[in-house]
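What follows is a set of notes on a single structure, which appears directly below.
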Amino acid sequence: MKVIYLAHPVSGDVPGNLAEARRWIRWLYDHVPGIAIVATWITECEVFDEGNPEHRKLGLRHDLAVLERCNAILLVGPKLSTGMQAELLHAEAFRLHILTFIGFARNDATADLLKKKLAWCVRLGRSGRV
């Protein structure tokens, strides 16, 4: 089973963005078998104050530590946020698979493409950009 770190924008409409991230997680579990999704930042948003720069920095540091232990990062949502950029750079530094689905809708075509890219990850092993 591949462990996938889910990255999604948070800032702005924090409650709305967290709800959208949860919908992505549910959709992924329903449509893409054989993966475990990690999104520790969802819990951290409930514990830390998103408006506090020190909390945000600490939360990102925690998330990057978790990301290092994953097989891949999956970037979803309407745009690449500042936090997602930091996660992407960290994933690149640790040679993780990078799955970019920014701007994609949750539908059958997206599920099929994601399954193909994940199958490619399995063949490549730990590192590689897909």
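Criterion applied to VAL76, VAL3 was being at pLDDT 95 or above, within 21 Å of THR110 (Cβ to Cβ) and among the hydrophobic types (A, V, I, L, M, F, W, C), and the one residue passing it is VAL76. Filter segment 1-31 for residues that are assigned to a loop (DSSP other than H, G, I, E, B) and either touching a strand residue (DSSP E or B) at 6+ places or on another chain (Cβ under 9 Å) or farther than 21 Å from PRO78 by Cβ (or both) and give the result. Those that are assigned to a loop (DSSP other than H, G, I, E, B) and either touching a strand residue (DSSP E or B) at 6+ places or on another chain (Cβ under 9 Å) or farther than 21 Å from PRO78 by Cβ (or both): MET1, HIS8, PRO9. Note on segment 81-101: residues that are in a strand (DSSP E or B) and surrounded by fewer than 16 Cβ atoms within 10 Å (Cβ to Cβ) total 0.
Given the criterion more than 17 Å from VAL3 (Cβ to Cβ) and either exposed (fewer than 12 other Cβ atoms within 10 Å of the Cβ) or in contact with a His (Cβ under 7 Å, 6 or more places away or on another chain) (or both), identify the matching residue among PRO53, PRO33, PRO78. Even if it seems obvious, please write down each step before you answer.
On the way: PRO33 fails: more than 17 Å from VAL3 (Cβ to Cβ); PRO78 fails: either exposed (fewer than 12 other Cβ atoms within 10 Å of the Cβ) or in contact with a His (Cβ under 7 Å, 6 or more places away or on another chain) (or both).
Result of the check over PRO53, PRO33, PRO78: PRO53.
The values are calculated or read from the model by the stated rules, or taken from the named source; none is laboratory data. Predicted, not measured: the structure shown is a model, and the values here were computed from it. All Cβ positions, glycine included, derive from the backbone under ideal geometry; neighbour counts span all protein chains shown.
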